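Everything below concerns the one structure shown next.
Rule-based calculations on the coordinates, nothing more; no lab input. Only a predicted model underlies this, so the values are computations on that prediction, with no experimental measurement involved. Cβ atoms come from the backbone with ideal geometry, glycine included; neighbour counts cover every protein chain shown.
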Amino acid sequence: MNRSIYEHLAEDLTARLPMHMPGHKRNDMLAPYLKELGAALDITEIQGFDNLRAPEGMLRDAMERAAALYGAHRSFFLVGGSTAGILAGIRALAGEGGGEALIQRNSHLSVYNGLALCRLQPAYIPQGWEKNLGIYYPPGEQGLLAALKNHPRVRLVVLTSPGYEGLLADLPALVGLAHRAGVPVLVDAAHGAHLGPDGRFPAGAVPSGADIVVHSLHKTLPSLTQTALAHARTESVAQRLEEQLNVFQTSSPSYLLLASIDGCIRLLADKGPVLYEGWLEVLQGVKEWAKRLRYLRLWQPDEGSPYGIDPSKLVIDCSQASIGGEELADRLLREAGIDLEMVASRYALAMTGMGDTAQSMDRLLDALLAVDRQLHAQTKECLPAPFIPSAHMPPFQALCSPWERVSLQQAKGRTAAEYLMRYPPGAPFVVPGEHIEASVLEEIGDGHSLQFTRTRLFPGQIAVLR
Ligand SMILES: Cc1ncc(COP(=O)(O)O)c(C=O)c1O
């Protein structure tokens, strides 16, 4: 097999003098941080290496290997996370002619940003709601069918699967419905890069026939932060996607990131079965062990649920315990040095990945057990499904309209000029152009709880239309 990109970096750079960027000149003696961060191998596209914008050599080979692994027509390496693939993918499929796109309300901010860039107005596919924890279910066929009927001229459907909590949509059915209505589909599978290469995990998004699928390698697989893939179903989609990726991606891609993507794909191709087996064993151990928890639980969708679940997400259910997700996460960090991925009022999310071990899980579970021993049972009211505020104008229009900052109290009844959300997960509960209801402000409280965040970042204030 051809040498990996990492091997090219490790072997081919030693005798060469870099009279080009980056300015550290691969001199990792300059400062400890450069050595620790791998500056000795940090190059962008120089002679003998390939060009991400028009790959013909090692990058093209590596992308072909990725496409073969996932069963895609063509795959592209992303150095700007799934975000780059989602922005480019939306523009590739919907163009700039405006109109409407059907999305999930709990879509990631990058989906909303992609729509705004293309002057697309979001319309929402109905979704169910898990009322004990407060989690959106993925859309079902009936919901998508109704949405397609109500929005007959829609330009694009964007689905998110897996969701942040690991719920899986029936993608083949949903994609089939959209395609029969003549509408292209992008799947934000940022959380599902590990689904597909191994049959013991649930099926991935690529075989669903979606036009574009976007995967963050860095979220669950052994690859550096920011690394991701975008897969295209046909050559014409691939060409449009490539054009748009060249708009949204840097012209100086980091070869550390590119080598990491290549390394990850090769690792899955060479040692995938062993690594997946190890991960599944670790997860099986967690499920067994978690039976010892008395009040905290590992959440699963109800028996008979139509939704699949990605076993790698550990949703720690606090709905029957005398603790909330935020306090649980604080205690795990303070008492055991454990950082969780995300918190919500009724749950906390521990993400596992291929790099986890039985030891890392033992540490998590011991800490959970220690907290659990100090809890008691508590009955909590069901959480009402969030309602979608009325919109006075589409986000792309609100984002370009004159605005001002007001205090949280003064924002009631005004029209939002920014996204309001918690990050993570980065799914907005108010979108620019929407009416700011009193209930939203109650949820935000003083703005400090549950990692509430804004896109126009003024502490204690909200941007509203003038
Ligand atoms: C559902 C979803 N889509 C897209 C993204 C963006 O991914 P990235 O951080 O790789 O740009 C995220 C990030 O958390 C996400 O949760």
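Kindly state, to the nearest 0.05, the FRET efficiency for Asp12 paired with Ala54, given R0 = 22 Å and r defined as their beta-carbon distance. The pair Asp12/Ala54 has a calculated efficiency of 0.60.
Could you tell me whether segment 332-394 comes out rounded, prolate or oblate from its Cα gyration tensor? Rule is a ≥ b ≥ c as square roots of the eigenvalues, rounded for a/c under 1.5, then prolate if a/b exceeds b/c, otherwise oblate. It comes out oblate by the Cα gyration axes.
For a straight C-alpha distance cut-off of 18 angstrom, the lysines reachable from Lys131 (same-chain residues fewer than eight places away being disregarded) are Lys380. Taking label positions 7 Å along the Cα-Cβ direction at both Asp330 and Ala370, the computed distance is 1.8 nm, reported to one decimal. Based on Cα atoms of segment 281-372, Rg over Rh with Rh as the Kirkwood radius reads 0.94. Measuring between their Cα centroids, segment 238-254 and segment 366-387 lie 45 Å from each other.
Kindly identify segment 92-160 as rounded, prolate or oblate by the Cα gyration tensor criterion: order the square roots of the eigenvalues as a ≥ b ≥ c, call it rounded if a/c is under 1.5, otherwise compare a/b with b/c, prolate if a/b is larger, else oblate.
Values: a/c = 2.98, a/b = 1.52, b/c = 1.96.
It is oblate, given that a/c is not under 1.5 and a/b is not larger than b/c.
Projected label points at Arg200 and Asp362, each 7 Å from Cα along the beta carbon direction, are separated by 2.1 nanometres.
Model label points for Ala385 and Ala438, set 7 angstrom from Cα along the Cα-to-Cβ axis, are 2.4 nm apart.
Show me 334-347, 257-270, 180-193 ranked by packing, highest mean number of other Cβ atoms within 10 Å first. Can you show the working numbers first?
On the way: 334-347: 16.9, 257-270: 22.1, 180-193: 23.8.
Ranking, from highest mean packing down: 180-193, 257-270, 334-347.
Estimated from helical segments only, the mean residue ellipticity of the chain at 222 nm is -10500 deg cm²/dmol, where each DSSP H run of four or more residues counts as -39500 (n - 2.57). Residues of segment 227-244 with the amide nitrogen closer than 19 Å to a label point 7 Å from the Cα of Glu64, along Cα-to-Cβ, please. From segment 227-244, the list is 230-236, 238-239, 242. In units of the rule-of-thumb radius 2.2 N^0.38 Å, the chain shows an alpha carbon radius of gyration of 1.01.
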